[in-house]
Amino acid sequence: MIPDRSFGADSAPNFGPMNKVLVLGAGGQIGTELVAELRAQRGGDMVWAADLRADALTAPCVALDATNATAVRALVKREGIREVYQLVAMLSATGEKMPEKAWALNMDTLFIVLDMAKEGLLDRVFWPSSIAAFGPNTPRLGTPQYTVMDPTTVYGVSKLSGELWCQYYRQKFGVDVRSLRYPGLISWKTPPGGGTTDYAIDIFHAARRDGRYTSFLGAETRLPMMHMEDAIRATLQLMAAPKESLNVHTSYNVAAVDFTPAELAAAIAQRMPGFAIDYAPDFRQAIADSWPQRIDDAEARRDWGWSPRYDLDALVRHDGPHLALRGRAALGICHDHFGERSTWRNALRSGSRGGFGTQSRRKNQALNRAAQRRRTLVLRAGNRGRRRIHDHGFEGPA
Ligand code: AKB
């Protein structure tokens with residue numbers, strides 16, 4: 001499959017209503033690329049980026065705790081924002097280490113935006129669900145839209161509950177909230193965020209750094225995955241779809257590709273002869289084993305024309321060279337969030353968001369400082385703790 005990199009699908013591009021937008025969790029894995037694409041479509045000033053720290057964001061941006069309802073409302077009202085992408089969450093693997101915090105964060109941030117929409121402050125909301133909403137009794141191959149859902153992680157429980165709350169707010173209050181069940185997302189621009197599918201990003205960085213990788217999932221662990229460009233396209237396509245065409249009000253299944261660590265390693269080895277992989281499964285294996293292997297996304301294809309562009313070959317061809325160019329600074333960062341947090345923290349302090357060389361990092365820092373002086377509004381939450389949590393991005397203590 002050769003991906004068509006033009007964004008507007010095969011038909012005329014439909015970007016939906018040109019509302020002013022807020023992306024919460026904008027510094028994370030999805031947020032970083034979503035903000036860039038939204039700005040390309042709607043114009044820079046139409047898209048506010050918010051995260052707990054704004055130093056890696058570009059204006060208009062704000063340092064904002066997404067659990068602080070007062071601060072989020074103030075920004076939405078002041079800027080006339082009508083559409084919110086609420087991406088803040090603690091992911092599956094990190095969530096298991098602090099389940100109460102994961103539950104509180106994942107649910108509080110959802111209710112804040114749902115309630116704003118209920119009160120008429122917002123026209124449209126996006127909230128990500130995940131394949132983690134499924135569980136061990138879900139059919140693992142060709143997982144249908146409507147099926148048994150018995151998640152075993154607190155992240156999965158929060159996603160399934162969130163889906164049902166989204167549907168409830170739509171049915172009871174007419175809230176236009178849209179959602180996708182993301183598979184593992186592959187991108188190189190921002191480090192992954194404490195998920196079970198992170199191995200599929202770590203492996204590229206390790207390949208470049210060491211020529212080898214130790215996978216925390218077993219060789220034959222098949223999981224649904226998606227290239228980030230496909231994920232962003234799916235998100236914006238869903239958000240632009242006419243309301244009447246949408247029949248799923250919990251969260252849409254979306255699929256692109258599925259592979260095992262052994263298959264991904266073989267695809268990398270084709271481009272990097274000598275690349276080696278070995279396996280040391282840890283607690284994330286049990287999580288992966290409870291998730292589907294291949295998703296059926298018939299409803300998304302039917303209702304809003306979903307079709308992925310990246311298969312495994314295209315994904316490795318596309319991401320391999322980028323990682324090779326990105327230099328060593330990024331590489332230690334993503335190896336394993338549980339083993340090498342300090343490396344990532346140091347990189348954060350020095351301004352790197354993973355993947356940027358020193359020169360562009362300095363340039364970015366200067367640009368960010370200037371942007372910050374001009375536009376950044378700092379809305380401090382009450383002291384909700386100094387945790388640092390992004391969307392499908394990164395979590396770690398500050
Ligand atoms: C995770 O692994 O937790 C996430 C997800 C599949 O939602 N990437």
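The values are calculated or read from the model by the stated rules, or taken from the named source; none is laboratory data. Not measured: the values here are computed from a predicted model. For neighbour counting, all protein chains shown are included, and Cβ atoms are generated from backbone atoms with ideal geometry for every residue, glycine included.
Counting only helices (runs of 4 or more DSSP H) wholly contained in the range 267-332, the ones carrying 2 or more residues that are modelled with pLDDT under 95 and out of contact with any Gly (no Cβ under 8 Å at 6 or more places or on another chain) occupy 312-325.
Quick one: which strands (runs of 3 or more DSSP E) sit completely within the range 84-189 and have at least 1 residues that are more than 16 Å from the ligand (Cβ to nearest atom)?
Values: elements: 124-126, 141-143, 180-182, 184-186.
Strands (runs of 3 or more DSSP E) meeting the threshold: 124-126, 141-143.
Restricting the range 148-189 to residues that are among the small types (Gly, Ala, Ser) and surrounded by fewer than 22 Cβ atoms within 10 Å (Cβ to Cβ), the residue that is nearest to the chain's Cα centre (by Cα) is Ser161.
Of Val248, Val254, which residue is out of contact with any strand residue (DSSP E or B) (no Cβ under 8 Å at 6 or more places or on another chain) and within 20 Å of Val177 (Cα to Cα)?
Numbers: Val254 fails: out of contact with any strand residue (DSSP E or B) (no Cβ under 8 Å at 6 or more places or on another chain).
After applying the criteria, what remains is Val248.
Look through the range 79-107, keep the residues that are of a type in the set (D, E, K, R) and free of Cβ contacts under 8 Å to residues at least 60 places away in the same chain, and return whichever of them is farthest from Tyr199 (Cα to Cα). In this case the residue turns out to be Glu79.
Listed here are the residues, each with its yes/no results for (1) modelled with pLDDT under 95; (2) touching a Lys or Arg at 6+ places or on another chain (Cβ under 6 Å); (3) surrounded by fewer than 17 Cβ atoms within 10 Å (Cβ to Cβ).
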site	(1), (2), (3)
Arg39	no, no, no
Ala59	no, yes, no
Asn68	no, no, no
Gly80	no, yes, yes
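Just so you know, in the range 190-229 the residues that are more than 14 Å from the ligand (Cβ to nearest atom) and assigned to a loop (DSSP other than H, G, I, E, B) include one that is surrounded by the fewest Cβ atoms within 10 Å (Cβ to Cβ), and it is Glu220. Selection over the range 231-243 of residues that are in contact with a helix residue (DSSP H, G or I) (Cβ under 9 Å, 6 or more places away or on another chain) and of a type in the set (D, E, K, R) gives a count of 1.
Here is a list: Trp165, Trp127. Which entry is in contact with a Cys (Cβ under 8 Å, 6 or more places away or on another chain) and either closer than 25 Å to Lys20 by Cβ or in contact (Cβ under 8 Å) with a residue 24 or more places away in the chain (or both)?
Numbers: Trp165 fails: in contact with a Cys (Cβ under 8 Å, 6 or more places away or on another chain).
Selected residue: Trp127, the only one of Trp165, Trp127 that is in contact with a Cys (Cβ under 8 Å, 6 or more places away or on another chain) and either closer than 25 Å to Lys20 by Cβ or in contact (Cβ under 8 Å) with a residue 24 or more places away in the chain (or both).
Can you name every residue in the range 41-83 that is in a loop (DSSP other than H, G, I, E, B), among the charged types (D, E, K, R) and under 30 Å from Ala133 (Cβ atoms)? Residues satisfying the conditions are Arg53, Asp65, Arg82.
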